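Written out below as structure tokens is the structure these notes cover.
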Amino acid sequence: MNIVLYGVPAKTAGRIAGQYGLKVINLPDKFDASGTMVLVPPISTPRYLLAFYNAMLRHEDDVDAVIICGIESCEAASTVQYCTPPGKFFSLNGGLDEEELLSELRLILDSLFAEGNQLNV
């Protein structure tokens, strides 16, 4: 499973990755067959946005989900959503505290892992 997180604190991403046995990386170009969680830092320049967009397009078939936290204040949200494969984009409110965010991420990931297990049976 390869999950892309945007707008999620590193500490929270580390906790959730550990619970699901995913390795935390910072670029989609480093997806791993054993499962990864890409923690995308804030996209602050057009050059970085273009690099992210191109990496996502190259690895479109490898992406299982893109989750943005704080979509309402994310300037890059439309581009990130555009380069996400259909049906794999999720957004969360940016006003969640850490425990609420963990709970919401678990709900999304549990459903993705359950769906993946149904496909592999």
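For the stretch 7-26, does any single residue satisfy the condition of being modelled with pLDDT under 85, buried (at least 17 other Cβ atoms within 10 Å of the Cβ) and assigned to a helix (DSSP H, G or I)?
no
Can you name the number of the only condition in (1) open to solvent by less than 60 Å² (accessible area, probe 1.4 Å); (2) touching a residue at least 24 places away in the same chain (Cβ under 8 Å) that Arg58 fails?
Failing condition for Arg58: (1).
Return yes or no: is Ile67 at pLDDT 90 or above and in a helix (DSSP H, G or I)?
It is false that Ile67 is at pLDDT 90 or above and in a helix (DSSP H, G or I).
Of the residues Glu75, Glu104, which is open to solvent by 40 Å² or more (accessible area, probe 1.4 Å), acidic (Asp, Glu) and part of a helix (DSSP H, G or I)?
Answer to the selection: Glu104.
Do we have Phe52 as hydrophobic (A, V, I, L, M, F, W, C), open to solvent by 50 Å² or more (accessible area, probe 1.4 Å) and under 22 Å from Pro9 (Cβ atoms) here?
Working: hydrophobic (A, V, I, L, M, F, W, C): yes; open to solvent by 50 Å² or more (accessible area, probe 1.4 Å): no; under 22 Å from Pro9 (Cβ atoms): yes.
Criteria not met by Phe52.
Scan the stretch 27-45 residue by residue and report those that are modelled with pLDDT of 85 or more, outside any loop (DSSP other than H, G, I, E, B) and surrounded by fewer than 16 Cβ atoms within 10 Å (Cβ to Cβ).
none
Out of all the residues in the stretch 78-97, which are buried (at least 18 other Cβ atoms within 10 Å of the Cβ) and at pLDDT 85 or above?
Of the stretch 78-97, the ones buried (at least 18 other Cβ atoms within 10 Å of the Cβ) are 80, 83-84, 89-92.
Passing the criteria: Phe89, Phe90, Ser91, Leu92.
The values are calculated or read from the model by the stated rules, or taken from the named source; none is laboratory data. This one's a predicted model, so the numbers in the text were calculated from it and none came from an experiment. With ideal geometry, Cβ positions are generated from the backbone for all residues, glycine too; neighbour counts draw on all protein chains shown. Just so you know, the surface numbers come from the protein's heavy atoms only, side chains and all, with ligands and any DNA or RNA stripped out. Shrake-Rupley method; radii C 1.70, N 1.55, O 1.52, S 1.80 Å.
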